[in-house]
Each structure stands twice: as structure tokens, then as C-alpha cells.
1. In the chain, which whole DSSP H runs stretch at least 27 Å along their own axis (Cα) and average -1.0 or higher on the Kyte-Doolittle scale?
2. Provide the FRET efficiency to the nearest 0.05 for the GLU222-ASP26 pair, computing r from the beta carbons and using R0 = 41 Å.
3. In terms of the Cα gyration tensor, with a ≥ b ≥ c the square roots of its eigenvalues, is the range 112-250 rounded because a/c is under 1.5, prolate because a/b exceeds b/c, or oblate?
4. In nm, to one decimal, how far is the GLN77 label point from the ASP164 one, both placed 7 Å along Cα→Cβ?
5. If each DSSP helix of 4+ residues adds -39,500 (n - 2.57) and the sum is divided by the residues in the chain, what number results at 222 nm, nearest 500 deg cm²/dmol?
6. Which value, in Å² and to the nearest 10, is the accessible area of GLU232 when all protein chains are kept and the probe is 1.4 Å?
7. Given that compact globular proteins tend to follow 2.2 N^0.38 Å, what is the ratio of the alpha-carbon Rg of the chain to that value?
8. Beyond a 31 Å Cα-Cα separation, which of these cross-linked pairs lie in this structure: LYS18/LYS105; LYS133/LYS251; LYS55/LYS105; LYS66/LYS163; LYS55/LYS226; LYS105/LYS133?
Amino acid sequence: LKEDSFGLMMVFGTAAGKLLTANADDLKYDYMVFGATDPVSSGIVAGPNERLNEKSLAQVDTRRIKRQIEGAYELFQFKDIGVVYEDNDAAYSYSGIGQLEASAKEHGFTIHTRHVTESAGEDDDDRYYKELKAAYDDLQDEIDALYITTATIDSAMLPYLLKDINEAGIITIAESSESQVEMGALMHISLADSTEEGQFFGHVLSEYAGGTPISEIDQVFEFTPKIYFNRETIEKTGARLPLEMYLTADKIYPEKEAE
């Protein structure tokens with residue numbers, strides 16, 4: 001694309017947002033960043049409504065991960081939580097470690113960390129999943145909860161990755177999606193909803209198209225959380241949930257077959 005042929009660039013995700021932000025001084029167009037896990041800690045914005053420049057907007061919800069962790073903590077009151085991610089600034093940001101650390105400071109639980117190198121591609125997957133499982137197993141004697149946060153996990157690998165963790169009775173909290181609960185994680189509190197996200201996109205673009213300067217458009221938007229559980233994993237781990245959680249959950253896996 002020729003830079004003078006358009007006036008607005010939209011990108012999705014932390015990596016793309018950081019790339020545009022790093023080159024913002026050379027850009028001739030406005031840009032919007034959606035879907036970054038924590039745009040504040042990743043440096044895409046200076047604060048919830050503090051842009052780094054006058055031609056940018058980033059979708060901001062500074063409590064996404066914190067709401068997820070605090071919801072799990074309220075239910076299970078864990079003392080020691082494990083987390084595995086790649087040891088670099090980008091993974092620290094998109095894994096929401098800063099928000100996890102803030103919750104730990106507030107509630108007094110301890111974070112136990114291991115690092116792995118994420119897969120470089122299909123040929124590297126075998127090495128990666130063996131390394132990730134070894135990290136989970138190494139944490140097992142130190143933790144009573146595990147936060148599944150590494151970005152490139154195929155949900156289909158979770159039965160293999162979590163076998164020993166689940167059998168040890170450890171609570172597993174999935175960061176990224178309900179599909180991880182379907183495949184064996186105990187719970188997930190959603191960070192996004194496609195319908196609400198679409199409404200936010202539409203509102204932002206409508207304001208921009210109507211002539212509102214990008215620097216004046218509100219970029220803070222919090223999604224309504226949804227909660228998912230895996231019944232079989234709850235039974236396997238011996239976790240205890242209040243009855244009302246079964247009644248208010250948005251979905252419980254495995255789903256019952258229609259009669």
C-alpha cells in the first residue's frame with residue numbers, strides 16, 4: 001500500500017501495535033490498535049486515556065487479566081499460582097504478567113514462574129510442547145493453581161499438557177479462550193465478546209468517519225465477562241464450587257447432549 005493512498009490504518013494484537021507505535025514519528029496516517037492484551041504495559045499508550053501521539057487510538061481495558069485472576073481467586077483462594085511464558089518483554093505484556101503481579105500484591109498469593117521458548121513453527125512444535133509440559137510438571141509441587149497464559153498453545157494439546165496437573169488437584173485457569181476449557185482447563189473468564197467488540201469498533205469508526213479527531217475518541221472499553229467451567233476437570237481435581245456458580249455459568253463443558 002502507498003502511504004498517501006489512505007488516511008487510517010487498523011491493526012490487531014500487541015505485536016502489530018508495538019510496531020506502529022515504534023514508527024509513529026514516520027507515519028503520515030492515523031492508526032488504531034485493537035486486541036492488545038495490555039496496551040499500557042506494552043507501551044502502545046501512556047495510560048488508559050493518554051496517547052503517545054495525536055494520531056493514535058488503542059482499545060484499552062486495563063483490568064482484563066486482573067478481572068480474570070480475581071474471579072478465580074474469589075472462587076478458590078489459591079496461595080501459589082504458576083505461570084509459564086517466554087522470557088521477553090512482549091510475552092510479559094501479552095501474557096498479562098503485570099496485572100497478575102498486581103493481583104498477587106493485593107491478595108497476598110505467590111507467583112511461581114517458569115520460562116519456555118515458544119514454537120518457531122510446525123517443525124518446532126514437538127520441542128515446544130515437551131518443554132512446556134516439563135515446565136508445568138516442574139511447577140506441580142509448588143502450586144495450587146496454574147495460569148495457562150502462553151500464547152501459542154493449541155487447545156488440542158491440553159489433555160497432554162495438563163494430565164499430571166489435573167490429577168494433582170491443581171486449579172487451572174485458561175487465559176485465552178473457552179476452547180481451552182472444553183479441552184480440559186478447569187475455568188476461563190472471557191476477556192472479549194465478538195458482539196460487544198463489534199459494537200465498540202463500530203462506535204469508534206462512526207465517530208472517526210463523522211469528523212471527530214482520533215485523539216478525542218474515547219479508547220477505554222470494558223467487556224462484560226463470561227465464565228466457563230469444565231465439569232470433568234472439577235471432579236478430577238476435587239475442586240469445590242458454590243452451587244450458584246453452576247447455575248450462573250455461561251457454559252459448562254462437556255455439554256450435555258440434547259435428549
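The values are calculated or read from the model by the stated rules, or taken from the named source; none is laboratory data. If you're wondering where the values come from, they're calculated on a predicted model, not measured in any experiment. Ideal geometry is used to build each Cβ from the backbone, glycine not excepted, and the neighbour counts take in all protein chains shown. Just so you know, the surface numbers come from the protein's heavy atoms only, side chains and all, with ligands and any DNA or RNA stripped out. Shrake-Rupley method; radii C 1.70, N 1.55, O 1.52, S 1.80 Å.
1. Details: long enough: none.
Membrane-span-like by this rule: not one helix.
2. Details: r = 33 Å, r/R0 = 0.79.
Calculated value: 0.80.
3. Numbers: a/c = 2.82, a/b = 1.58, b/c = 1.78.
Oblate, since a/c reaches 1.5 and b/c is not below a/b.
4. Calculated label separation equals 3.0 nm.
5. Numbers: 10 runs with 98 residues, N = 259.
Theoretical 222 nm ellipticity from helices: -11000 deg cm²/dmol.
6. That residue has around 110 Å² of solvent-accessible surface.
7. Working: Rg = 19.7 Å, N = 259, 2.2 N^0.38 = 18.2 Å.
Dividing the Cα Rg of the chain by 2.2 N^0.38 Å gives 1.09.
8. Details: LYS18/LYS105 27 Å; LYS133/LYS251 27 Å; LYS55/LYS105 35 Å; LYS66/LYS163 27 Å; LYS55/LYS226 33 Å; LYS105/LYS133 27 Å.
Beyond 31 Å: LYS55/LYS105; LYS55/LYS226.
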